[in-house]
Amino acid sequence: MSEHVVILGGGTGGSVLANDLAERLEPELEADEVRVTMLNDGPDHVYKPVWLYVPFGLREPEDGRRPLADLVDDRVDVREARVTEIDTDAEALRCRDSHRPVEYDHLVIATGSTLAPGEVPGLEAGGHNYYSESGAEALRDALLSFESGHLVLSVVGSPHMCPAAPLEFAFMADDWFRTRGLREDVDITYTYPVGRTHGNPHIAEWATPLFEERGIGVETSFNAESVDPEAGTITSMEGTELEYDLLVSIPPHRGVDVVAETDLGERGWVDVDKHTLEAEAAEDVYALGDAATTGVPKAGSVAHYQAGVLAQRLASRIRGRPATATYDGKTLCFIETGMDAASFVEFDYETPPSPAPPSEKLHWSKLAYNESYWLTARGLL
């Protein structure tokens, strides 16, 4: 009987892993000794970093969407299915529209993050976000009609997808209003839940002077507790209240419900060994990308590098060899510092980040990467 690898989720990590396994295990797949199945709750793969550009009119949401069938190797069985239960004891998944469980020998959870704005009273009604497709479109309309007043960018929850994106939005908004001749009429305040401007102290040390240079106000140790849409205020647990005319938030994040209902971790995240990506609470279960608690950012590059490591480990296991590949925490990220300049940072578990000086060249490098991303998802880069 062939060994069955099931990948739950068709985002960056799931897609890169599926394509890597299809190449790496080609002989076993052709001999029907191995099967690889991907289960995703929709037909498309979504590249979420595109949403940052939508509010500024630079991209359209559909620019970040491709059918999974066009991205994943034909040797992988891609199924559109809503998984309703993960039974790690029986090594099986149950799906909403099927009475027959999907059994696995190796399960990879790559379900990403989901937004939970309802955890903060008033946030959903009183604020905008660009961490969802619909949110990015609504924020685009709000920005176009916003010509004066106080814009508050509040990082409400952590961890969250793409930790650099709040910095990017603040810098891009500053530049965007300046270009339109509106910056003198728009105040911008950035809030962060810990006592610095970013979770990573090295990035915070780099970003703080940029906020000061651009006249962007900063409120640190600001843990949003409630939003009053009628009064136009956001209040922190620490007792600070900010008035706003336009509130842009990074809502609380959590994992998907089907993972949250297991004993694999808290809030839908899977507790894993940060080097091997093996779940701590179940055998033959792995997690990568946003779904895994490894201590590194919830970013696409992380999912990409983890997928490569996990493909090697799974191939070794299937072939009866010791699995020696390990993930070293490698992360890289471009950080937009305006509409035509960006920085770049690369780090791992041992090496702290040291952001590069912003430049137009790095900005165009980020845009080029966004365009070539689809080759990455196909496993070609």
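The values are calculated or read from the model by the stated rules, or taken from the named source; none is laboratory data. Here the structure is a predicted model, which means the values were calculated and not measured. Cβ placement follows ideal geometry from the backbone for every residue including glycine, while neighbour counts extend to all protein chains displayed. For accessibility, only protein heavy atoms count, side chains too; no ligands or nucleic acids. Shrake-Rupley method; radii C 1.70, N 1.55, O 1.52, S 1.80 Å.
Among all residue pairs at least 6 apart or on different chains, which show Cβ distances below 7 Å where the first residue, located in segment 361-381, is open to solvent by less than 50 Å² (accessible area, probe 1.4 Å) and the second is hydroxyl-bearing (Ser, Thr, Tyr) and outside any helix (DSSP H, G or I)?
Cβ pairs passing all conditions: Leu362/Ser343; Tyr373/Tyr47.
Given the options Asp77, Asp20, Asp70, name the one that is in contact (Cβ under 8 Å) with a residue 24 or more places away in the chain and surrounded by fewer than 19 Cβ atoms within 10 Å (Cβ to Cβ).
Asp77
Show the residue pairs that are 6+ apart or on different chains and have beta-carbon atoms under 7 Å apart, the first residue being within segment 320-331 and among the hydrophobic types (A, V, I, L, M, F, W, C), the second being outside any loop (DSSP other than H, G, I, E, B).
The qualifying pairs are Ala323/Arg313; Ala323/Ser316; Ala323/Arg317; Ala325/Val309; Ala325/Gln312; Ala325/Arg313.
Scan (1) touching a strand residue (DSSP E or B) at 6+ places or on another chain (Cβ under 8 Å); (2) within 22 Å of Pro355 (Cα to Cα) for the single condition Asp175 breaks and write down its number.
Checking Asp175 against (1) touching a strand residue (DSSP E or B) at 6+ places or on another chain (Cβ under 8 Å); (2) within 22 Å of Pro355 (Cα to Cα), the one that fails is (1).
Pro27 fails exactly one of the following numbered conditions: (1) under 30 Å from Leu143 (Cβ atoms); (2) part of a helix (DSSP H, G or I); (3) not aliphatic (A, V, I, L, M). What is the number of that condition?
(1)
Name every residue in segment 345-360 that is under 23 Å from Ala173 (Cβ atoms), open to solvent by 50 Å² or more (accessible area, probe 1.4 Å) and not in a helix (DSSP H, G or I), in order of residue number.
Scanning segment 345-360 gives Pro357, Pro358.
Just a yes or no: is a residue in segment 300-310 in the same structural domain as Asp273 (by the TED database) and in a loop (DSSP other than H, G, I, E, B)?
No, there is no match, as no residue in segment 300-310 is in the same structural domain as Asp273 (by the TED database) and in a loop (DSSP other than H, G, I, E, B).
Confirm whether Ser316 is touching a helix residue (DSSP H, G or I) at 6+ places or on another chain (Cβ under 9 Å) and not assigned by the TED database to the domain that holds Ser154.
no
If a residue has to be under 23 Å from Leu115 (Cα atoms) and buried (at least 17 other Cβ atoms within 10 Å of the Cβ) to count, how many in segment 198-218 make the cut?
2
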